[in-house]
Amino acid sequence: MTFLGLIFHNVAARRLRAVLTGLAVAIGVMAVVALGTLTLSLKESATGILKVGNADFTVAQKHTDSLLNSLISTDDMAKVGKVEGVGRSIGALIELDTYDAGHPGVIQVGLDPDAQDPFGVVILQGRSYTAKSDDEVMLGYVLAQSIHKGVGDRLTIDGHTYRVTGTYRTNISFGNSTMMFPLPVLQGRYQAAGQVSLGFVKVAPGANKKAVAKAIDRAFPQLATVASESDYGRVDNTLVLISAANTGGGILAAVIAISGVLNTSLLSFFERVREFGVLRSIGWSRRRIIALVLGEAVVVSLAGAFVGLFLGWGAINLLQHQAQLRGVFHPVYDAGIFGRSLYFAFGVAFVGALYPAVRAAFLSPLEAMRRE
Amino acid sequence: MSDLLEPAGQRTDRRLERQRSADDPNAITVRDVTRRFGDTVVLDGVSFDVAPGSFTAVTGPSGSGKTTLLHLLAALDHPDSGTIRVNGIDVVHLHQLTRYRRREIGLVFQLHNLVPRLTAEQNVAMALFDTGLGARQRKARAVDLLEQVGLANRVGAKPPTMSGGERQRVAVARALANGPRVILADEPTGSLDDDSAGSVLDLFEALRADEGVTVLAVSHDPRLNARADRLLRLADGRIAPVGGS
Ligand SMILES: Nc1ncnc2c1ncn2[C@@H]1O[C@H](COP(=O)(O)OP(=O)(O)OP(=O)(O)O)[C@@H](O)[C@H]1O
Ligand SMILES: [Mg+2]
């Protein structure tokens, strides 16, 4: 019998217990996978906005808790456009509204027709709305499919009815789940005349992006430039909250899984005290005893992690079909999540079984064998 | 019997060899050994020698310290004072206890102490880890040993389904696994019927005669004592040859 064979044999001897422990680990891994993927995906969605139209950076109102609440006056945007080194700047108004029960949070973008191209909007069917029309809308193709509307159809949102003039795609995936109006239309509906939510800046050829961003930050104290994910917290703390929730959830999952492993390992330690004593007295080293106890935990933990990966994948699929997340949550599957699950399984097994393993190894063989 | 003691693929252990003194001709040398538990003096200056290749039985009333003595010899316990040498190795001051237990001695317990989940063969093979043998060789040797103790047909049986005699013979096979020069046995026949006891004793006899293995068995089983070369009696913390001065 190989040592590994012995480990499997011992695990199989307490099958039900192994299954329950594995399940605790599986739930932990599921949480890690689901939360991790959700976090990563939401981050990608959120920071995707930074990549709109290949902008070098985004301009937003400082100290808002969410990008969606950012407001910049079109005057300021015009002044930003004149800052030395700015190649082009586009302002867009972004408002969230309910379309129907299945689409409780649709992102509406107000954008001038001539800003569509630099914004990265590519018309797939039909044509753009005209700058002045107040009853025309364009649909991202994913949203169009989801609400079953196409060119020429009418749709009603926020009590207003619009005709669909075209469908489009954008260079960032969640843009395909938005709808787009002429800027003044959206400004009018949301009492935001003369205001946009975000500005997208592309610097002039040869200009230093960082220097330009800094110049804007200095010239407009009420505004903040966001060039990278790490800048994101300056204008939106949602990501910080999501990351914190992810970390917290991960810790919780680890605690649950570790308690499961610890519980099992301790139980089997107490049941097998005598056996450990015998093994020591026939020449087993402490190291081998530790390897046995840890090995048994690792086997159970890894099996649990494997199941947990599938559960996590299932959970992501469920989340994806949650109406609240539709259009915002586009799962980004990351190979790293697989590695992290392995780490999790090993870590949980190690932390959970270390104490029982060390106790088993440092038992006095005589005292151990005296136990019944 | 000849392959019973073939060294199990082990290289000589330098650290253990360094502890071995060449000028001790005895298999076991015990000098002035004292062991107390609290106020109870169980062993009070015990001294005796055991010649290599002999079969010695230690008797004595219950509670006289026979098992205690055996544990000291197996380095499972420490004396309060005195010296113990087994195969020339100073057991009292030894650091390589695991290696000593694995290579120098074979232990047969008062209770058989087998792992109930494992088959006879697997129980024997447990003693063969860390000996340089691969899994297949371990298995082959375990099967071999079980054949030698007359359990060729019980190789795949688990202890709960075996008779007391069978279990005790598995325990003997396990003790022999690493080809030890000294077998320490605690009441190896105490719980066995005549046939089973006879087969275990035959085994000891054969080991002694064919391989020159030293057997020291603690027992108040007259069947065992009758087969021993020498009978020592432990009483009141002292040891003395039976019938001697
Ligand atoms: N760890 C211990 N702590 C306290 N007392 C002990 C311990 N081990 C043994 N003793 C005592 O030492 C004495 C000798 O015990 P031991 O087990 O060596 O006797 P024994 O001769 O083997 O008896 P038996 O024939 O019944 O097996 C007993 O009084 C026992 O209670
Ligand atoms: Mg005893």
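Every read-out reported here was derived from the displayed coordinates using simple, explicitly stated rules and does not represent laboratory data. Bear in mind that the values here come from a model prediction, so they are computed numbers and not experimental data. Every residue, glycine among them, receives a Cβ derived from its backbone with ideal geometry; neighbour counts consider all protein chains shown.
Within region A:88-134, the trypsin sites (Lys or Arg not before Pro) that combine a DSSP coil assignment with at most 13 other C-beta atoms in a 10 angstrom radius are A:R127, A:K132. Could you identify which residue out of B:R101, B:R117, B:R233 has the top mean-square fluctuation in a GNM of chain B using Cα springs shorter than 10 Å? Ranking B:R101, B:R117, B:R233 by mean-square fluctuation puts B:R117 first. Remark: the A:E229-A:A101 segment gains 42.9 nm on full extension, using 0.36 nm per residue and subtracting the alpha carbon distance. Among the listed pairs A:K82/A:K209; A:K82/A:K210; A:K43/A:K209; A:K51/A:K209, a Cα-Cα separation exceeding 20 Å is found for A:K43/A:K209. Take the Cβ atoms of A:R163 and A:S66, set R0 to 41 Å, and the FRET efficiency comes out at 0.85. For chain B, list the DSSP H helices whose alpha carbon atoms reach 15 Å or more along the long axis and whose average Kyte-Doolittle value is -0.5 or above? Qualifying helices: B:164-176, B:194-206. What separates the Cα centres of region B:147-198 and region B:20-48 is a distance of 28 Å. Of B:D90, B:D23, B:D221, which is the most mobile in a GNM of chain B whose springs link Cα atoms less than 10 angstrom apart? Highest fluctuation among the options: B:D23.
Of all lysines in the structure, those lying under 24 Å Cα to Cα from A:K132, and not within fewer than 8 positions of it along the same chain, are A:K79, A:K149. Shape call for region A:57-226 from the C-alpha gyration tensor, a ≥ b ≥ c root eigenvalues: rounded (a/c under 1.5), prolate (a/b greater than b/c) or oblate? Taking the square roots of the gyration eigenvalues as a ≥ b ≥ c, region A:57-226 is prolate. Only helices enter the 222 nm calculation for chain B: every DSSP H run of n ≥ 4 contributes -39,500 (n - 2.57), and dividing by all residues gives -8500 deg cm²/dmol, rounded to 500. Go ahead and collect, in residue order, the members of region B:163-185 whose backbone nitrogen is under 17 Å from a label point 7 Å along the Cα-Cβ direction of B:A206. Answer for this model: B:165-180, B:183. The angle separating the long axis of helix A:286-320 from the principal Cα axis of greatest extent in chain A is about 30 degrees. List the lysines whose alpha-carbon lies under 29 Å from that of B:K139, not counting same-chain residues fewer than 8 positions away? The qualifying lysines are B:K158.
Can you give the local net charge around A:K43? Use residues other than it whose beta-carbon is closer than 12 angstrom to its beta-carbon, Lys and Arg +1, Asp and Glu -1. Residues close to A:K43 contribute a combined charge of -4. Take the Cα of A:A131, step 7 Å along the line toward its Cβ, and report every residue of region A:83-115 whose backbone nitrogen sits under 12 Å from that point. Within reach of a label on A:A131, which here means backbone N under 12 Å from a point 7 Å along Cα→Cβ, region A:83-115 contributes A:112-115. Across peptide A:282-293, the mean count of Cβ atoms from other chains lying within 10 Å of each residue's own Cβ comes to 5. Taking R0 as 60 Å, what's the FRET efficiency between A:I251 and A:H9 from their Cβ-Cβ distance, rounded to 0.05? The value I calculate is 0.95.
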